[in-house]
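The values are calculated or read from the model by the stated rules, or taken from the named source; none is laboratory data. As the structure is a computational prediction, the values presented were derived from the model and not from experiment. Glycine also receives a Cβ, built like all others from the backbone with ideal geometry; neighbour counts cover every protein chain displayed.
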2 protein chains.
Amino acid sequence: MSFEELVFDVFARNCTSRPVMDTVASRWGILSLVALQDGTHRFNELRRRVDGVSEKMLSQTLHALERDGLVLRTVQSTIPPRVEYSLTDAGRRIATKLTELIELLEASMPDISVAQARYDEAR
Amino acid sequence: MSFEELVFDVFARNCTSRPVMDTVASRWGILSLVALQDGTHRFNELRRRVDGVSEKMLSQTLHALERDGLVLRTVQSTIPPRVEYSLTDAGRRIATKLTELIELLEASMPDISVAQARYDEAR
DNA sequence: CTGCATCCATAATGATACTG
DNA sequence: CAGTATCATTATGGATGCAG
């Protein structure tokens, strides 16, 4: 199976890259990937780190990222079970870029806050 | 009004950067910002470019980006009206980073497709 | 401990029709 | 052209119960 010669374009309505982008750039997808950048983490560890995520959404997000080959999930069938999540090489590359985006956005927040205040003022 | 001394953290549940990140990294937020990278565009131009977006979502997304100070909206009250959208400096910085993310993701799609096929195969 | 399954409430999204 | 309004559909979130 080879996809090498295909062109992927997120601007195209039915490109297969669209759902992948939706998963990666989703609210919890971004935070999950970035939270895994400093190494392996367990489920509830991630849950605490990604403040506000529900069990259900974190589980769903991690499975989607695993399916996309960005997150690796390893299970140790001990009692109690130990499930660990980490990034694949592709996942790490994307997480790095997401971190840059987050840093840029957080650095822009002062300007953004001022713009929002001005905008809301005007109505 | 000064926000300079505040720390913004998207990982915190109630940080004001969270909704901004949601807007920027939303399905249509990303594509709208990147579509505006090569200059000024009109509403229906963007609508054609961002394949699959509904009128409502494009309108909503552009308004949110305008409120965040990332997109500039200029109206010429002629008949028919001419409304133009472009990026602000902050918008341009973020759009540049989003473009890098898109390029990275599109370049990773061959690997991702293989991973998805393997994953789906296994169930 | 790590989750999946289910039910329910609410929010986001989309299709369509209509207006200045 | 550039939207808004309305309604239908879908996604998301919270709570709870249960299993390996």
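This table checks each residue for (1) in contact with a Lys or Arg (Cβ under 7 Å, 6 or more places away or on another chain); (2) modelled with pLDDT under 95; (3) exposed (fewer than 15 other Cβ atoms within 10 Å of the Cβ).
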site: A:27; (1), (2), (3): no, yes, no
site: A:45; (1), (2), (3): no, yes, yes
site: A:80; (1), (2), (3): no, yes, yes
site: A:84; (1), (2), (3): yes, yes, no
site: A:100; (1), (2), (3): yes, no, yes
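Can you tell me which residues in segment A:37-95 are without any contact (Cβ under 8 Å) to a residue 40 or more places away in the chain, near DNA strand C (Cβ under 10 Å from one of its atoms), touching a helix residue (DSSP H, G or I) at 6+ places or on another chain (Cβ under 7 Å) and in a strand (DSSP E or B)?
Result: A:73, single match.
Are any residues in segment B:10-25 at the interface with chain A (Cβ under 7 Å from one of its Cβ atoms), at pLDDT 90 or above and not in a helix (DSSP H, G or I), and if so, which ones?
Within segment B:10-25, B:10, B:11, B:12, B:16, B:25 qualify.
Looking only at segment B:47-62, filter to residues that are under 14 Å from residue B:95 (Cβ atoms) and within 11 Å of another protein chain (Cβ to nearest Cβ); which one of those is surrounded by the most Cβ atoms within 10 Å (Cβ to Cβ)?
B:50
Return only the number of the condition from (1) within 12 Å of DNA strand D (Cβ to nearest atom); (2) of a type outside the set (Asp, Glu); (3) under 21 Å from residue B:95 (Cβ atoms) that residue A:12 does not satisfy.
(1)
Could you list, in sequence order, all residues of segment B:102-123 that are out of contact with any Lys or Arg (no Cβ under 8 Å at 6 or more places or on another chain) and under 20 Å from residue B:26 (Cα atoms)?
Matches in segment B:102-123: B:102, B:103, B:105, B:106, B:109.
If I filter segment B:105-117 for residues that are more than 7 Å from chain A (Cβ to nearest Cβ) and more than 14 Å from DNA strand C (Cβ to nearest atom), do I get at least one hit?
yes
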